[in-house]
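**Q** Have a look at the structure that comes next, please.
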Amino acid sequence: MQDVATLVAQAREGRPRAVARLISLVEGASPQLREVMAALAPLTGGAYVVGITGSPGVGKSTSTSALVTVFRKQGRRVGVLAVDPSSPFSGGALLGDRIRMSDHVSDPGVYIRSMATRGHLGGLAWAAPQAIRVLDAAGCDVILVETVGVGQSEVEIAAQADTSVVLLAPGMGDGIQAAKAGILEIGDVYVVNKADRDGADATARELNHMLGLGEARGPGDWRPPIVKTVAARAEGVEEVVEALEKHRAWMEERGVLVARRRARAAREVETIAVTALRERMADLRGDRRLGALAERVVAGEVDVYGAADELVRGVSGG
């Protein structure tokens with residue numbers, strides 16, 4: 001068993017090894033996880049979480065690396081969670097986005113961690129919310145969460161980020177993909193990457209048109225900007241950061257940021273509670289109470305809803 005208090009203190013000092021151990025405890029669903037989260041709770045809330053999503057091949061990793069460079073020039077500490085597909089054999093991350101961000105590996109102001117989805121739909125590892133909390137408590141000013149490009153499930157990033165950035169690229173049919181995946185509802189900032197390719201202007205126009213067909217916006221509502229970039233050459237990346245700052249200021253001014261974080265916390269609490277209930281229900285599969293209720297259902301003595309109510313009361317101790 002590791003000394004959680006010491007690990008947290010070392011993480012606050014910016015020691016990468018301590019941060020890595022805390023995230024490993026999270027990923028491994030360690031028995032110490034509750035102790036870790038309790039220790040981190042009063043230390044969180046200062047980081048700005050930016051989700052970066054989009055179809056495979058649009059340049060998410062390159063864009064993330066370019067954003068890190070800009071934030072570091074501003075003197076900010078940056079954490080990166082690169083959520084990779086899982087190996088079907090080991091459950092470990094396959095792509096290793098840290099390799100693509102090698103320019104920042106030796107920078108003590110940057111912490112990069114690849115996390116495996118472990119089969120979780122939505123492009124995010126189940127442990128991502130807790131890992132974000134670890135990086136927040138470790139003093140990161142900005143946390144970039146780069147998700148797996150898995151099409152329609154990408155919308156889950158909106159539930160974890162303060163601001164969601166959706167990347168598209170010309171010549172990849174992203175306009176149609178946008179409509180399919182519902183990403184027009186989740187994007188706060190849209191980026192047309194690889195803008196030096198033919199069709200970039202057309203992609204931006206199509207996206208602008210589709211955004212115009214969306215929900216009606218009032219005078220003070222946020223209208224997602226569309227920024228064209230060539231991330232491989234760091235072109236347009238500073239404009240993306242400017243758009244992020246404007247969105248953050250807009251959210252803070254209208255109380256949207258606090259509301260989003262409360263909704264995020266509520267979903268996380270609900271998920272943990274439901275998971276705990278499912279585990280308790282699973283323990284009852286061989287329980288005599290469940291078998292007795294099943295017999296009564298078959299005999300017509302009670303309906304399935306009534307039986308379920310009895311079982312829930314038994315599980316909850318009510």
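The values are calculated or read from the model by the stated rules, or taken from the named source; none is laboratory data. Being a predicted model, the structure only gives us computed values, none of them experimental. Here Cβ is always computed from backbone atoms with ideal geometry, including for glycine, and neighbour counts include all displayed protein chains. Note: areas computed on protein heavy atoms with side chains; ligands, DNA, RNA excluded. Shrake-Rupley method; radii C 1.70, N 1.55, O 1.52, S 1.80 Å.
**Q** Only one residue in 243, 249 is in contact with a Pro (Cβ under 6 Å, 6 or more places away or on another chain), of a type outside the set (Lys, Arg), in a helix (DSSP H, G or I) and at pLDDT 95 or above, so which one is that?
**A** Details: 249 fails: in contact with a Pro (Cβ under 6 Å, 6 or more places away or on another chain).
None of the other options fit; the residue is 243.
Quick grid of which residues meet (1) in contact with a helix residue (DSSP H, G or I) (Cβ under 9 Å, 6 or more places away or on another chain); (2) surrounded by fewer than 22 Cβ atoms within 10 Å (Cβ to Cβ); (3) at pLDDT below 95:
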site	(1), (2), (3)
2	yes, yes, yes
11	yes, no, yes
29	no, yes, yes
39	yes, yes, yes
43	yes, yes, yes
56	yes, yes, yes
82	yes, no, yes
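**Q** Which of the residues belonging to the stretch 23-80 are among the charged types (D, E, K, R) and closer than 13 Å to residue 144 by Cα?
**A** Within the stretch 23-80, the subset among the charged types (D, E, K, R) is 27, 34-35, 60, 72-73, 76-77.
Result: 60, 72, 76, 77.
**Q** Can we say residue 16 is open to solvent by 40 Å² or more (accessible area, probe 1.4 Å), of a type outside the set (Ser, Thr, Tyr) and more than 10 Å from residue 138 (Cβ to Cβ)? Walk me through how you get there before you give the answer.
**A** Numbers: open to solvent by 40 Å² or more (accessible area, probe 1.4 Å): yes; of a type outside the set (Ser, Thr, Tyr): yes; more than 10 Å from residue 138 (Cβ to Cβ): no.
Here the answer is no, as residue 16 does not meet what is asked.
**Q** Let me ask something else about it. Taking the conditions exactly as written (part of a loop (DSSP other than H, G, I, E, B) and under 23 Å from the mean Cα position of the chain (by Cα)), does residue 223 satisfy them or not?
**A** Numbers: part of a loop (DSSP other than H, G, I, E, B): yes; under 23 Å from the mean Cα position of the chain (by Cα): yes.
Criteria met by residue 223.
**Q** With the requirement that a residue be more than 20 Å from the chain's Cα centre (by Cα) and in a helix (DSSP H, G or I), what does the stretch 1-20 give you? Don't jump to the end; show me each part of the working.
**A** We begin by selecting, within the stretch 1-20, every residue more than 20 Å from the chain's Cα centre (by Cα); these are 1-18.
Passing the criteria: 4, 5, 6, 7, 8, 9, 10, 11, 12, 16, 17, 18.
**Q** I would also like to ask the following. Go through (1) part of a helix (DSSP H, G or I); (2) closer than 26 Å to residue 273 by Cα; (3) modelled with pLDDT of 90 or more one by one and return the number of the condition residue 63 breaks.
**A** So the condition that residue 63 fails would be (2).
**Q** Among the listed residues 271, 229, identify the single one that is of a type in the set (S, T, N, Q) and modelled with pLDDT under 95.
**A** Values: 229 fails: modelled with pLDDT under 95.
On inspection, the qualifying residue turns out to be 271.
**Q** Now for a different question. Which residue, of 278, 289, is at pLDDT 75 or above, surrounded by 12 or more Cβ atoms within 10 Å (Cβ to Cβ) and in a helix (DSSP H, G or I)? Show your work before the answer.
**A** Numbers: 278 fails: surrounded by 12 or more Cβ atoms within 10 Å (Cβ to Cβ).
Exactly one residue qualifies, and that residue is 289.
**Q** How many of the residues making up the stretch 178-200 are at pLDDT below 75, more than 21 Å from residue 160 (Cβ to Cβ) and open to solvent by less than 70 Å² (accessible area, probe 1.4 Å)?
**A** 1
**Q** Which of the residues spanning the stretch 201-219 are closer than 19 Å to residue 59 by Cα and either surrounded by 15 or more Cβ atoms within 10 Å (Cβ to Cβ) or among the hydrophobic types (A, V, I, L, M, F, W, C) (or both)? Even if it seems obvious, please write down each step before you answer.
**A** Here is the first cut: in the stretch 201-219, the residues closer than 19 Å to residue 59 by Cα are 201-204, 207.
The answer is 202, 203, 204, 207.
**Q** Related question: Those residues that are touching a residue at least 40 places away in the same chain (Cβ under 8 Å) and either out of contact with any helix residue (DSSP H, G or I) (no Cβ under 7 Å at 6 or more places or on another chain) or crowded, with 18+ Cβ neighbours inside 10 Å (or both), I need them from the stretch 220-247; list them, please. First the steps, then the outcome.
**A** Taking the stretch 220-247 and keeping what is touching a residue at least 40 places away in the same chain (Cβ under 8 Å), we get 229, 231-232, 234-238, 240-241, 243-244, 247.
Matches in the stretch 220-247: 229, 231, 235, 236, 237, 240, 241, 243, 244, 247.
**Q** Looking at (1) at pLDDT below 90; (2) part of a loop (DSSP other than H, G, I, E, B); (3) closer than 27 Å to residue 245 by Cβ, find the lone condition where residue 91 falls short.
**A** Only one criterion is unmet by residue 91, namely (3).
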